[in-house]
Amino acid sequence: MLNTIIYLALRVLHVLFAATWIGSTAFIALMLGPAIERAGASGGQVMARIDARGFHKYMALLATTTVLTGLYLIWRFTGGFDGDIAATHAGIAFGIGGVAGVLALIVGGIVVGRSARQATDIINRVAGMPDGPEKGSLIMHAAAARRRMKAGTTVVIALQATALVFMAVGHYV
């Protein structure tokens with residue numbers, strides 16, 4: 001009975017955190033990111049404020065909790081990663097979804113998170129600088145970091161969508 005309660009609690013946690021992670025990523029890519037980009041220097045200040053409120057930790061918590069609870073769920077589903085169960089259609093579907101989720105975590109942390117921190121650090125650095133070649137060079141580096149962040153976010157969304165689809169159909173294939 002206790003094992004069932006733990007399983008159900010972790011399944012609910014997994015679904016809630018995954019939904020929040022995917023929704024947050026989509027909101028950033030479709031709404032917040034473009035608004036910050038169009039706002040120019042003011043957008044940089046907003047980005048810095050969001051970063052100061054712990055946004056990167058929030059996204060890391062969502063992603064990590066989703067992946068860790070997902071690993072537990074696949075372990076439980078396959079009876080301790082039993083190859084025969086993992087080779088079923090459902091096992092393959094959950095496995096593909098799980099790999100996509102892990103890759104989304106990695107790309108999100110390494111590409112998106114790192115690029116966002118670089119852009120924010122540069123924006124904070126140039127805030128009080130006088131116009132000149134050094135400031136222009138830093139602004140170009142910030143723009144390159146934002147482009148990497150945007151491309152990485154597109155990859156993360158594709159991976160999250162893949163995970164979502166395979167997890168949603170896993171029990172039915």
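Here, each number is a calculation from the coordinates, and none is a lab measurement. It should be emphasised that the depicted structure is a prediction, and the values quoted were computed from it without experimental measurement. No Cβ is skipped: glycine too gets one built from the backbone with ideal geometry, and neighbour counts run over all protein chains shown.
Descriptive notes on the structure:
- Of the helices (runs of 4 or more DSSP H) lying entirely inside the stretch 36-86, the ones with 3 or more residues being over 30 Å from Arg11 (Cα atoms) and among the hydrophobic types (A, V, I, L, M, F, W, C) are found at 41-52.
- Met129 satisfies every condition listed in (1) more than 25 Å from Ala18 (Cα to Cα); (2) free of Cβ contacts under 8 Å to residues at least 12 places away in the same chain; (3) out of contact with any Lys or Arg (no Cβ under 9 Å at 6 or more places or on another chain) except (3).
- Of residues in the stretch 51-87 being free of Cβ contacts under 8 Å to residues at least 24 places away in the same chain and among the acidic types (Asp, Glu), the one surrounded by the fewest Cβ atoms within 10 Å (Cβ to Cβ): Asp84
- From the list Val99, Val111, Val156, the one residue that fits, being surrounded by 15 or more Cβ atoms within 10 Å (Cβ to Cβ), over 25 Å from Ala41 (Cα atoms) and not small (Gly, Ala, Ser), is Val156.
- Residue in the stretch 156-170 that is out of contact with any helix residue (DSSP H, G or I) (no Cβ under 8 Å at 6 or more places or on another chain), of a type outside the set (Ser, Thr, Tyr) and farther than 24 Å from Leu8 by Cα present: yes
- Which listed residue is of a type in the set (A, V, I, L, M), in contact (Cβ under 8 Å) with a residue 12 or more places away in the chain and under 17 Å from Gly108 (Cα atoms), from Ala48, Ala19, Ala90, Ala26: Ala26
- Scanning the stretch 114-152 for residues that are among the acidic types (Asp, Glu) and either part of a helix (DSSP H, G or I) or surrounded by 15 or more Cβ atoms within 10 Å (Cβ to Cβ) (or both) returns Asp121, Glu134.
- Scanning the stretch 28-79 for residues that are farther than 20 Å from Ala100 by Cα and not aromatic (Phe, Trp, Tyr) yields a count of 28.
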